[in-house]
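The values are calculated or read from the model by the stated rules, or taken from the named source; none is laboratory data. Since the structure is predicted, the reported quantities are computational estimates derived from the model, not experimental observations. Glycine gets a Cβ as well: all are built from the backbone with ideal geometry, and neighbour counts include every protein chain shown.
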Amino acid sequence: MSTRPLRRRLAFGLAALAAVAATASAAPAAGSTGGWLGPNVTVFTPDMPVSQIQATLDAVHAAQVDAEMTTDRYAFLFQPGVYGTAEQPLQIKVGYYTEIAGLGASPSDVVINGKVEVYNRCLADGGTGNCLALVNFWRTLSNLSLSIDSAGQDGCRASADFWAVSQAVSMRRLNISGANLSLMDYCTAGPQYASGGFIADSRLPFVVNGSQQQWLIRDSEVAGWSNGVWNQVFSGVVGAPAEAGFPDPPYTTLAATPVSREKPYLFTDSRGRLQVRVPAARTNSSGISWADGITPGRTTSLKNFFVARPGDSVKEINNALARGQNLLLTPGVYDIARSIEIKRPGTVVLGLGHATLTAVDGAIPLDVADVPGVIVAGVTIDAGLTESPVLLRVGKPHGHSKGSAADPTTLSDVYFRVGGPHVGKTDTALEVNSDHVLIDHTWVWRGDHGVEGFTDTERWNTNTGRYGAVINGDDVTATGLFVEHFQRYNTVWNGERGTTILYQNELPYDPPTQADWMNGTVEGYAGYKVGDHVRTHNLYGAGVYVFNQNNPSIHTENGFEVPDRPGVRLHHIMTVNLSAGTIDHVVNGVGGPADTTRIGQPVFITDYPTP
């Protein structure tokens, strides 16, 4: 998301770190580049000097802090132990396409004394003005304890740990103590906007939400929470603020999450071997999964994974999957000219460091069969130069679903891009045809800016994506569904008994004319469409935003379109104008216009239909 396109790409070089050999049964050596985990995976141990760890992290941050469209990817993994001291805290700053994760079985096994932070980017006046977090995308923090220590920082920076981010950024399995956690950077110049985000399975101190437009926190514990601009959603969170007087404050609170599953994670066992923990699914869950010990689920050795690197052929990958192996994608960009095919129930596809699959020659990069229990996590999927029918398909269209409520196929931190680093074309980004699928945090993005070299008007005809997410399966649940800028419906939900908890959408910025933005005789496409035949659907905490920068006269009739049935219920929804264009109604002709007379002032509806 951004309210002004960013067309700059930073060129940089980074000296390669020396590789250290590692066997498939042991964790990579301390400070190595991961051996067979790939050259862009670095593993730290607590006996390394803090200065050495700091220098390694600082060098990558300097390269990645402005590298929004680069092809470089990094993962930094911490072996169990304590890092940093009161005299020398470890101060980690996280740039684009960077993953920071502990290798403990529990978050308490890796302790960082210091900070892990993301600051605003200042995009004007030589890096001193227009400071915001609206394009702070693509970074990951997970599976560790953070004891916040601000030693050496100035007065403002010492006041909190700053995590000023927007979409495609996740925080999972964290145990944070000490000063406040701030989800905005209030220490730089304005406007300090932010548009995130997602936290799950974490124990947190007092959280300053500040300028965050929307946020989902799921199955966690918080000591307190302040502020919130628009939709702030809490699902299964101990200590969450209660719903009271929506939209002031704009809080949506569910006591439990109906279906949840934590993301798989790497850990080092007592014999120094790398394992993958695959958490079990939960129903009606609340609080952290690791309160009573290791997260319930199953453990599988990394020996059971095909460890892929960019350049490995899809034929090799598919042969390994056919032999019963899982798939670990090491950091990098993979050109995919034929589908990676997931056919076996329970297969795990785990990406490190925002591993990215790019469609080539119109391929479907990832195709999941109609089988239960598949998990895809930590993977970004990019459209390519030739139009793909879909970028990730779960189940065959009109197939016979073998989904399982007890073992749902799960997509965790799976992100999609159409345009941005290069021209992209797809009909649909995400298509779910299977039943009992869980979508746990996704950003489905048709780029509103990039390095392709086109004007905004040209982008409409060059970076093409008709539909963001199309959900045809029954009993599908989405926790954290972010879908933006597609050229027809951003989300179409055709399956029965669907549930979405936190939905964020921006309509496309770039239709050249009203004629380009027509759905038959209807002006525009709703940001969220529930199929006309659907009888049961629940949506909690949702917003559709408009910014028709190419042609401010363009209208969209409704932000949401749903069948008028008692079983189709929307709770805490809104539309808002970001500075151009008009959404005439919130849902089905109800609610006033989000137009330029009320820029930044949402039109809220508490419940539809009205109880």
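Could we say that Thr457 is outside any loop (DSSP other than H, G, I, E, B) and either of a type in the set (A, V, I, L, M, F, W, C) or surrounded by fewer than 23 Cβ atoms within 10 Å (Cβ to Cβ) (or both) here? Steps first, please.
Values: outside any loop (DSSP other than H, G, I, E, B): yes; either of a type in the set (A, V, I, L, M, F, W, C) or surrounded by fewer than 23 Cβ atoms within 10 Å (Cβ to Cβ) (or both): yes.
When the stated conditions are applied, Thr457 passes them.
Can you name the residue in the range 70-91 that is in a strand (DSSP E or B) and surrounded by fewer than 23 Cβ atoms within 10 Å (Cβ to Cβ) and, of all such residues, is nearest to the chain's Cα centre (by Cα)? It would help to see each step written out before you state the result.
If we filter the range 70-91 for residues that are in a strand (DSSP E or B), which is where we start, we get 74-78, 81-83, 90-91.
Add one more test, that the residue is surrounded by fewer than 23 Cβ atoms within 10 Å (Cβ to Cβ), and what stays is 76, 81-82, 90-91.
Values: Phe76: 19, Gly81: 28, Val82: 28, Leu90: 26, Gln91: 24 Å.
Among those that are in a strand (DSSP E or B) and surrounded by fewer than 23 Cβ atoms within 10 Å (Cβ to Cβ), it is Phe76.
Of all residues in the range 93-114 being of a type in the set (S, T, N, Q) and touching a residue at least 60 places away in the same chain (Cβ under 8 Å), which is nearest to Leu350 (Cα to Cα)?
Just the residues of the range 93-114 that are of a type in the set (S, T, N, Q), to begin with: 98, 106, 108, 113.
Restricting the remaining residues to those that are touching a residue at least 60 places away in the same chain (Cβ under 8 Å) gives 98, 106, 108.
Details: Thr98: 15, Ser106: 19, Ser108: 23 Å.
Applying the filter and picking the extreme gives Thr98.
Going through the range 178-221 one residue at a time, which ones are on the phi > 0 side of the Ramachandran plot, assigned to a loop (DSSP other than H, G, I, E, B) and modelled with pLDDT of 95 or more?
Gln192, Asp201
Filter the range 69-92 down to the residues that are in contact with a Lys or Arg (Cβ under 7 Å, 6 or more places away or on another chain) and without any contact (Cβ under 8 Å) to a residue 60 or more places away in the chain and list them by number.
Ile92 - this is the single residue of the range 69-92 that is in contact with a Lys or Arg (Cβ under 7 Å, 6 or more places away or on another chain) and without any contact (Cβ under 8 Å) to a residue 60 or more places away in the chain.
Considering His449, His398, which residue is closer than 28 Å to Tyr509 by Cβ and either in contact (Cβ under 8 Å) with a residue 60 or more places away in the chain or part of a loop (DSSP other than H, G, I, E, B) (or both)?
Details: His398 fails: closer than 28 Å to Tyr509 by Cβ.
Exactly one residue qualifies, and that residue is His449.
On the given criteria, is Thr500 surrounded by 23 or more Cβ atoms within 10 Å (Cβ to Cβ), touching an Asp or Glu at 6+ places or on another chain (Cβ under 7 Å) and either aliphatic (A, V, I, L, M) or not in a loop (DSSP other than H, G, I, E, B) (or both)? Don't jump to the end; show me each part of the working.
Numbers: surrounded by 23 or more Cβ atoms within 10 Å (Cβ to Cβ): yes; touching an Asp or Glu at 6+ places or on another chain (Cβ under 7 Å): no; either aliphatic (A, V, I, L, M) or not in a loop (DSSP other than H, G, I, E, B) (or both): yes.
No: the conditions fail for Thr500.
Checking Gly420 against (1) part of a loop (DSSP other than H, G, I, E, B); (2) in contact with a Lys or Arg (Cβ under 6 Å, 6 or more places away or on another chain); (3) surrounded by 20 or more Cβ atoms within 10 Å (Cβ to Cβ), which test does it fail?
Among (1) part of a loop (DSSP other than H, G, I, E, B); (2) in contact with a Lys or Arg (Cβ under 6 Å, 6 or more places away or on another chain); (3) surrounded by 20 or more Cβ atoms within 10 Å (Cβ to Cβ), Gly420 violates only (2).
Restrict the check to the range 394-401 and report whether at least one residue is surrounded by fewer than 24 Cβ atoms within 10 Å (Cβ to Cβ) and within 25 Å of Ser170 (Cβ to Cβ). Give the steps one after another, and end with the answer.
So in the range 394-401, the residues surrounded by fewer than 24 Cβ atoms within 10 Å (Cβ to Cβ) come out as 396-401.
Then keep just the ones that are within 25 Å of Ser170 (Cβ to Cβ); that gives none.
No, that holds for no residue.
Keeping to the range 574-596, report how many residues are touching a helix residue (DSSP H, G or I) at 6+ places or on another chain (Cβ under 9 Å) and hydroxyl-bearing (Ser, Thr, Tyr). Let's see the steps before the verdict.
Narrowing the range 574-596 to residues touching a helix residue (DSSP H, G or I) at 6+ places or on another chain (Cβ under 9 Å): 576-577, 579-582, 592.
Going one step further and asking which of them are hydroxyl-bearing (Ser, Thr, Tyr), we end up with 579, 582.
Counting residues in the range 574-596 that are touching a helix residue (DSSP H, G or I) at 6+ places or on another chain (Cβ under 9 Å) and hydroxyl-bearing (Ser, Thr, Tyr) gives 2.
So is Asp201 crowded, with 17+ Cβ neighbours inside 10 Å and in the same structural domain as Gly224 (by TED's automatic domain parsing) or not? So that I can check it myself, show each step before the final result.
Working: crowded, with 17+ Cβ neighbours inside 10 Å: yes; in the same structural domain as Gly224 (by TED's automatic domain parsing): yes.
Here the answer is yes, as Asp201 does meet what is asked.
Restricting attention to the range 290-308, does a residue exist that is of a type in the set (A, V, I, L, M), within 27 Å of Thr477 (Cα to Cα) and not assigned by TED's automatic domain parsing to the domain that holds Val41? Give the derivation first.
Kept after step one, since they are of a type in the set (A, V, I, L, M), are these residues of the range 290-308: 291, 294, 302, 307-308.
Within this subset, residues satisfying the condition of being within 27 Å of Thr477 (Cα to Cα) are 291, 294.
This time we only want the ones that are not assigned by TED's automatic domain parsing to the domain that holds Val41, so: 291, 294.
Yes.
So for the range 583-595 (the condition being of a type in the set (S, T, N, Q), surrounded by 15 or more Cβ atoms within 10 Å (Cβ to Cβ) and part of a loop (DSSP other than H, G, I, E, B)), does at least one residue qualify? Show your work before the answer.
Step one: filter the range 583-595 for residues of a type in the set (S, T, N, Q), giving 588.
Add one more test, that the residue is surrounded by 15 or more Cβ atoms within 10 Å (Cβ to Cβ), and what stays is 588.
From what is left, the residues that are part of a loop (DSSP other than H, G, I, E, B) are 588.
Yes, the range 583-595 contains at least one residue that is of a type in the set (S, T, N, Q), surrounded by 15 or more Cβ atoms within 10 Å (Cβ to Cβ) and part of a loop (DSSP other than H, G, I, E, B).
Just the residues that are farther than 15 Å from Val418 by Cβ and assigned to a loop (DSSP other than H, G, I, E, B), please, taken from the range 482-497. Spell out the reasoning first.
Keep residues of the range 482-497 that are farther than 15 Å from Val418 by Cβ, which gives 492-497.
Within the range 482-497, Asn494, Gly495, Glu496, Arg497 meet the criteria.
Quick one: is Gly95 assigned by TED's automatic domain parsing to the domain that holds Met184 and in contact with a strand residue (DSSP E or B) (Cβ under 8 Å, 6 or more places away or on another chain)?
Yes, satisfied.
Restricting attention to the range 372-395, report how many residues are over 15 Å from Arg338 (Cβ atoms), β-branched (Val, Ile, Thr) and either touching a residue at least 40 places away in the same chain (Cβ under 8 Å) or not in a loop (DSSP other than H, G, I, E, B) (or both). Break it down into steps so the answer makes sense when it comes.
Our first condition is that a residue be over 15 Å from Arg338 (Cβ atoms); within the range 372-395, this holds for 372-380, 382-383, 385, 387, 394-395.
Add one more test, that the residue is β-branched (Val, Ile, Thr), and what stays is 374-376, 379-380, 394.
Now restrict to residues that are either touching a residue at least 40 places away in the same chain (Cβ under 8 Å) or not in a loop (DSSP other than H, G, I, E, B) (or both): 375-376, 379-380, 394.
Residues that pass the stated criteria total 5.
Pull up the range 222-240, narrow it to residues that are of a type in the set (Phe, Trp, Tyr) and part of a strand (DSSP E or B), then point me to the one that is nearest to the chain's Cα centre (by Cα). Even if it seems obvious, please write down each step before you answer.
Within the range 222-240, the first condition is being of a type in the set (Phe, Trp, Tyr), and the residues that meet it are 225, 230, 234.
If we keep only those that are part of a strand (DSSP E or B) as well, we get 225, 234.
On the way: Trp225: 21, Phe234: 17 Å.
In this case the residue turns out to be Phe234.
Have a look at Leu216, Leu204, Leu132, Leu123 and point out the one that is of a type outside the set (D, E, K, R) and farther than 25 Å from Arg417 by Cα.
On the way: Leu216 fails: farther than 25 Å from Arg417 by Cα; Leu132 fails: farther than 25 Å from Arg417 by Cα; Leu123 fails: farther than 25 Å from Arg417 by Cα.
It is Leu204.
Gly239: surrounded by fewer than 18 Cβ atoms within 10 Å (Cβ to Cβ) and small (Gly, Ala, Ser), yes or no? Spell out the reasoning first.
On the way: surrounded by fewer than 18 Cβ atoms within 10 Å (Cβ to Cβ): yes; small (Gly, Ala, Ser): yes.
Answer is yes for this residue.
Spot the failing condition for Asp407; the list is (1) part of a strand (DSSP E or B); (2) under 21 Å from Tyr265 (Cβ atoms), and only one is missed.
(1)
So for the range 302-321 (the condition being closer than 22 Å to Lys402 by Cα and part of a loop (DSSP other than H, G, I, E, B)), does at least one residue qualify? Walk me through it before giving the result.
Restricting attention to the range 302-321, the residues satisfying the condition of being closer than 22 Å to Lys402 by Cα are 318, 321.
Still in the list and also part of a loop (DSSP other than H, G, I, E, B): none.
The answer is no, given that none of the residues of the range 302-321 is closer than 22 Å to Lys402 by Cα and part of a loop (DSSP other than H, G, I, E, B).
Considering each residue of the range 528-555, count those that are within 17 Å of Ser579 (Cβ to Cβ) and not in a strand (DSSP E or B), and give that number. Give the derivation first.
Here is the first cut: in the range 528-555, the ones within 17 Å of Ser579 (Cβ to Cβ) are 543-555.
Checking the rest, the ones that are also not in a strand (DSSP E or B) come to 548-554.
Of the residues in that region, 7 qualify.
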